[in-house]
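Note sheet for the following structure.
The values are calculated or read from the model by the stated rules, or taken from the named source; none is laboratory data. Being a predicted model, the structure only gives us computed values, none of them experimental. Quick note on the areas: whole protein, heavy atoms, side chains included, nothing else; ligands and nucleic acids left out. Shrake-Rupley method; radii C 1.70, N 1.55, O 1.52, S 1.80 Å.
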Amino acid sequence: MKTILVDDMILDMKLFELKCRDMEEFEIVGKFTSPEDAMAYAKKNTVDFALLDIDMPGMSGIDLAKSLREIRPDIIIVFVTAHPKFAVDALRMKADYIVFKPFDRDDIADVLQ
């Protein structure tokens, strides 16, 4: 799956890459600290899977997910957050999955199933 990672914390993106580097299901085609940059990329490129932080400055991950679904209704949206208070908003927008930080490789394997 062509995957984008969007998180204002670069370290969290690197952690995801490290934990999932041997998972062939993911082809990371873009890493973004800016939701706006991720959206611009998704408008011009195929994106099957988006791993999004929810709490980001500017555009939230929830708003980004809604915009991504407008251009690609079948995109798989997975939120990664350290704040359980955002879970309700993620479920309301019909996210496919929510992973809470800190996450481990097993959490990502659950997403794939």
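In order along the stretch 37-52, phi translates into HN-Hα couplings of 5, 5, 5, 4, 5, 5, 5, 10, 9, 6, 9, 9, 9, 10, 9, 10 Hz, rounded to whole numbers, per the Karplus curve 6.51 cos²θ - 1.76 cosθ + 1.60 with θ = phi - 60° and x for Gly and Pro. Relative contact order of the stretch 67-113: 36 percent, from C-alpha pairs under 8 Å at least 6 residues apart in sequence. Ignoring ligands, DNA and RNA, what percent of the accessible area of the stretch 47-99 is carbon or sulfur (1.4 Å)? Ligands and nucleic acids excluded, carbon and sulfur reach 55 percent.
So with the 1.4 Å probe, I'd like the accessible area per residue for the chain, rounded to whole Å².
Working: 6240 Å² over 113 residues.
Per-residue accessible area for the chain comes out at 55 Å².
How high is the relative contact order of the chain, in percent, with contacts defined as C-alpha pairs under 8 Å that are six or more residues apart? Could you put the intermediate results ahead of the total?
On the way: 169 pairs, mean separation 27.3, N = 113.
Taking the mean separation of contacting Cα pairs over the length of the chain, I get 24 percent.
Across every pair of non-identical alpha carbons in the stretch 1-47, the mean reciprocal distance, once inverted, gives a Kirkwood radius of 11.0 Å. Proximity of backbone amide H atoms, modeled 1.01 Å from N, is registered between Lys31 and Leu5 at under 5 Å, excluding neighbours fewer than 5 places apart on the same chain. Amide H contacts under 5 Å for Ile76: Phe49, Ala50, restricted to partners 5 or more places along the chain or on a different chain, H placed in the peptide plane at 1.01 Å from N.
Could you work out the Rg to Rh ratio of the stretch 50-113, with Rh taken as the Kirkwood radius (inverse of the mean 1/r over all Cα pairs)?
Details: Rg = 11.2 Å, Rh = 11.9 Å.
Radius of gyration over Kirkwood radius for the stretch 50-113 works out to 0.95.
Two decimals is fine: what's Rg over Rh for the chain, C-alpha atoms, Kirkwood radius as Rh? All intermediate terms of the calculation are to be shown ahead of the outcome.
On the way: Rg = 12.5 Å, Rh = 13.7 Å.
Radius of gyration relative to Kirkwood radius: 0.91.
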